[in-house]
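Here's the structure, in structure tokens; my notes come after.
The values are calculated or read from the model by the stated rules, or taken from the named source; none is laboratory data. Source: prediction; values computed, not measured. Ideal geometry is used to build each Cβ from the backbone, glycine not excepted, and the neighbour counts take in all protein chains shown. Accessible surface is based on the protein model in full, side chains and every heavy atom, while ligands, DNA and RNA are left aside. Shrake-Rupley method; radii C 1.70, N 1.55, O 1.52, S 1.80 Å.
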Amino acid sequence: LHAKGIWCEGTFEATPEAAALSRATHLQGEPVTALIRLSNGSGDPESHDAQREVRGMAVKLRPDNGEETDILATTAVAHATRTPEDFLEFLELRRPDPDTGQPDMEKLGAFLGEHPEAQPAIQSVIGVEPPASFATLTYFSPHSSKLVDGDDSGTWVRYQWRPQAGEARIPDEEARERGRDYLSHELAERPRSGKVEFELLLQLAGEGDPIEDPSAVWPDEREFVVAGRLELTALVDDPEGDGHIDVFDPTRIVDGIELSDDPVLHARPKAYSVSAYKRLG
């Protein structure tokens, strides 16, 4: 998944509201260096950017003290399944048949009928037009994190990256006409006309909101806190090579942040480890 992407450097600066919720180093208000990868969702590195598929934004925050932490988010409002086992089954069912080039829609439909929790994620991806830009999308993290302050008080939150440029999508035909790699080309040109920025929003859990179920969507009326601003300052070449690899891991946390028992969250580092070994050859 997410085989086709573009890399950027940036700077993140947290708000006082974030510092009040967590003692984490990157949330204390000092500018923090960031490495960002924006990507399409498929496993095809040659895919056309016009496809209706999920987009990803992975952010690695690197404070001066070396305590890195990662935030992974996609344009899906939630994860498609509650468990990693269900997700593997879902991926297998989506595998195209070599003869037809398409998955077995009858089997895929039966799976979705048995897993109605997948509908919000799927509709938020295939039910919308292609993006005008990586910079005009909202990215959601489906996993819950506990922010812990200096008094050890905790607040459960979910992350969202909201584009300062506003959300924008384009018709399928226009996206196809812009060319296979129009998203990376557009992002390369965007800084000439203004900054590329995202606000980090914290959606605060309300009473009864599922903490360990990444497929559950928390209600929009929940309180949101602006935790900071991320500015993408430059596109950079793929930093991976010559034995170096950058793995974005949502379980990489620092003091002041705690993880939930979400089973999908805890399965991800193992999958990323396999991916890293394969990329290194």
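Solvent exposure of the chain amounts to 50 Å² per residue of accessible area, where only protein heavy atoms count and the probe is 1.4 Å. When the Cα gyration tensor is reduced to axis lengths a ≥ b ≥ c, the ratio a/c is 1.5 or higher for region 164-220, and with a/b above b/c it is classed as prolate. In this Cβ point-charge picture (+1 for Lys and Arg, -1 for Asp and Glu), region 148-229 has a dipole of about 620 debye about its Cα centre. Modelled label positions at ASP172 and GLU67, each set 7 Å beyond Cα in the direction of Cβ, lie 4.8 nm from each other. Local charge for PRO219 was computed over the other residues whose Cβ lies under 15 Å away, with Lys and Arg +1 and Asp and Glu -1, and equals -4. In sequence order, region 171-188 has phi-based couplings of x, 4, 5, 5, 4, 5, 5, 6, x, 4, 10, 5, 5, 5, 5, 5, 5, 5 Hz under the Karplus curve 6.51 cos²θ - 1.76 cosθ + 1.60, θ = phi - 60°, and Gly or Pro positions carry x. Just the protein heavy atoms count here, and of the accessible area of the chain at 1.4 Å, carbon and sulfur take up 48 percent. When only the Cβ of Lys, Arg, Asp and Glu is charged (+1, +1, -1, -1), the dipole of the chain relative to its Cα centre reaches about 500 debye.
When all protein chains stay in place and ligands, DNA and RNA are ignored, the 1.4 Å accessible-area order of HIS48, HIS185, largest first, is HIS185, HIS48. Compute a Gaussian network model of the chain, connecting alpha carbons closer than 10 Å, and tell me which residue from VAL59, VAL225, VAL264 fluctuates the most. With Cα springs under 10 Å in the chain, the top fluctuation among VAL59, VAL225, VAL264 is at VAL225.
Packing order of peptides 147-160, 96-109, 267-280, highest average first: 147-160, 267-280, 96-109 (average count of other Cβ atoms within 10 Å over each peptide's residues). Among the protein heavy atoms, those of ARG180 account for about 100 Å² of accessible surface (1.4 Å probe, every chain in place).
Residue pairs exceeding 25 angstrom between C-alpha atoms, taken from LYS107/LYS278; LYS4/LYS60; LYS60/LYS278; LYS4/LYS146: LYS107/LYS278; LYS4/LYS146. Over what distance in Å are the Cα centres of region 165-235 and region 254-272 separated? Answer, in whole Å: 22.
Rounded to the nearest Hz, the phi-derived 3J(HN,Hα) couplings of region 73-89 under the Karplus curve 6.51 cos²θ - 1.76 cosθ + 1.60 (θ = phi - 60°) are 8, 9, 7, 6, 6, 7, 7, 6, 9, 8, 10, x, 5, 5, 5, 4, 4, where x marks glycine and proline. What the phi angles of region 31-45 give under the Karplus curve with 6.51, -1.76 and 1.60, with θ = phi - 60°, is a coupling list of x, 10, 5, 10, 10, 10, 10, 9, 8, 7, x, 6, x, 9, x Hz, glycine and proline written as x.
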